[in-house]
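Written below as structure tokens is the structure these notes are about.
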Amino acid sequence: MSVTVLVGGFFGDEGKGKVISYLAMKDDPAVTVRGGVGPNAGHTVVYKGRSYKLRMLPSAILNEQTKLMIGAGVLVNPKVLLDEIKVFDVDQRVIVDSQCSIIEDIHIERDKKGHLKEKIGTTGSGTGPANSDRVLRSAKVARDIPSLKKYVGDVAFEVNRFLEGGSKILLEGTQGTFLSLYYGTYPFVTSKDTTASAICSDVGIGPKKVKDVLVVFKSYVTRVGGGDLPGELSEEDTNKRGWAEIATVTGRARRAAPFNFDLAKRAVMLNSATQIALTKLDVVFPSSHGISRFEDLPSKAKKFIKDIEDSLGVPVSIISTGPEVFDTIDRRERLGPT
Ligand code: GTP
Ligand code: IMP
Ligand code: MG
């Protein structure tokens with residue numbers, strides 16, 4: 001049994017795209033499946049100096065053997081998806097569940113004004129209004145869209161079939177634990193639950209089939225849009241520390257705060273984390289940039305990682321030391337045979 005679910009532990013943008021692209025290259029999963037909300041996500045993959053931005057496809061695109069699926073829980077914007085399929089030339093390996101709900105122009109218009117834009121500060125990608133139509137059972141689904149016909153299938157069936165055949169499966173969550181509609185900082189949240197259980201449900205994998213839950217934390221915390229960010233730094237301090245970031249989908253500045261152990265503990269609980277991936281270590285400890293062996297890290301960085309493990313009681317098994325796929329320390333061997 002080999003299903004790994006990967007989710008964000010803070011407010012999104014933890015670097016899930018980077019970690020997934022590493023796992024896709026290193027572990028060679030037969031299938032990766034996108035769960036989560038929809039094209040409000042923006043994942044970044046950097047390989048050999050080229051940067052790839054993904055809003056709909058799983059971030060495993062670089063491994064040509066890996067099937068790329070989108071689970072029934074996910075909202076699809078056909079234009080965004082078809083553009084990505086073309087740009088990344090992955091026509092032959094995409095399956096979109098026939099029951100994915102569709103984002104239409106009207107949803108995007110509704111997301112760009114009033115309460116959603118002004119109070120919540122959404123991404124404006126139409127996901128909230130589309131999910132509300134889905135709940136009202138008035139939304140279109142993927143099987144109604146002629147341009148998606150050749151990609152439409154039964155993702156739950158396909159994933160479970162691969163699993164029974166002994167294949168490795170990677171489920172890709174989006175957003176972050178504290179953007180969850182249920183467990184986040186309501187009303188400053190996204191339009192669905194985003195925890196590991198929700199990602200399994202999005203894809204059609206039952207809870208007993210999951211082997212590992214990998215929660216991704218960035219070495220500091222960022223947030224875009226409205227809502228509280230405990231320990232938020234001023235813009236000046238954010239810049240001084242070199243933590244300033246620009247959001248992938250909206251181009252907005254991300255607000256920043258130091259690593260938050262209380263939030264991280266709660267994320268471990270909500271997701272039943274078995275492993276942690278820690279990203280952007282090089283941004284907090286610049287001399288760790290590009291390092292791929294734990295022993296070579298500066299002692300302050302090692303101490304930071306030990307503090308996280310001691311406080312959360314979960315091993316930090318993947319450490320990202322730069323945006324490139326292989327700027328990664330992989331400590332999974334420590335965990336014993338998988
Ligand atoms: P969402 O699904 O939108 O939450 O996105 P995400 O978690 O995939 O993160 P996103 O790509 O939006 O932001 C992460 C940014 O950090 C990207 O620009 C990555 O290239 C970059 N990045 C990821 N890991 C590292 C790292 O270890 N070091 C550095 N310097 N950059 C990193
Ligand atoms: P929505 O998901 O577009 O409705 O936006 C609701 C809130 O979630 C806003 O604060 C957004 O900035 C935030 N959000 C949604 N998706 C992401 C993401 O992928 N990364 C970071 N923040 C996100
Ligand atoms: Mg992002």
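The values are calculated or read from the model by the stated rules, or taken from the named source; none is laboratory data. Just so it is clear, the model here is predicted, and its values are computed rather than measured. Heads up, the Cβs are rebuilt from the backbone with ideal geometry, glycines too, and the neighbour counts pull from every protein chain shown. When the accessible area is computed, the model is the full protein with side chains, heavy atoms only, and any ligands, DNA or RNA have been set aside. Shrake-Rupley method; radii C 1.70, N 1.55, O 1.52, S 1.80 Å.
Look through Leu297, Leu270, Leu278, Leu312 and report the one residue that is more than 20 Å from the chain's Cα centre (by Cα) and within 21 Å of Thr4 (Cβ to Cβ). It would help to see each step written out before you state the result.
Numbers: Leu297 fails: within 21 Å of Thr4 (Cβ to Cβ); Leu270 fails: more than 20 Å from the chain's Cα centre (by Cα); Leu278 fails: more than 20 Å from the chain's Cα centre (by Cα).
Unique residue meeting the criteria: Leu312.
Give the residue, chosen from Leu68, Leu116, Leu82, that is assigned to a strand (DSSP E or B) and either without any contact (Cβ under 8 Å) to a residue 40 or more places away in the chain or hydrophobic (A, V, I, L, M, F, W, C) (or both). Steps first, please.
On the way: Leu116 fails: assigned to a strand (DSSP E or B); Leu82 fails: assigned to a strand (DSSP E or B).
That would be Leu68, the only listed residue that is assigned to a strand (DSSP E or B) and either without any contact (Cβ under 8 Å) to a residue 40 or more places away in the chain or hydrophobic (A, V, I, L, M, F, W, C) (or both).
Of all residues in the stretch 85-113, which are of a type in the set (A, V, I, L, M, F, W, C) and assigned to a helix (DSSP H, G or I)?
Ile85, Val87, Ile106, Ile108, listed by residue number.
Considering each residue of the stretch 227-249, count those that are open to solvent by less than 50 Å² (accessible area, probe 1.4 Å) and of a type outside the set (A, V, I, L, M, F, W, C), and give that number.
5
Please enumerate the residues belonging to the stretch 298-329 that are open to solvent by 40 Å² or more (accessible area, probe 1.4 Å) and not acidic (Asp, Glu).
If the condition is that a residue be open to solvent by 40 Å² or more (accessible area, probe 1.4 Å) and not acidic (Asp, Glu), then Ser299, Lys300, Lys302, Lys303, Lys306, Ser311, Gly313, Pro323, Phe326 are the ones that fit.
I'd like to know if the stretch 141-154 contains one or more residues that are closer than 12 Å to Val96 by Cα, touching a residue at least 60 places away in the same chain (Cβ under 8 Å) and of a type in the set (Asp, Glu).
no
Of the residues Thr177, Thr222, which single one is touching a Gly at 6+ places or on another chain (Cβ under 6 Å), open to solvent by less than 10 Å² (accessible area, probe 1.4 Å) and among the hydroxyl-bearing types (Ser, Thr, Tyr)?
Just one listed residue meets the conditions, Thr177.
Considering only the stretch 134-151, state which residues are assigned to a helix (DSSP H, G or I) and within 24 Å of the chain's Cα centre (by Cα).
Within the stretch 134-151, Arg134, Val135, Ala142, Leu148, Tyr151 qualify.
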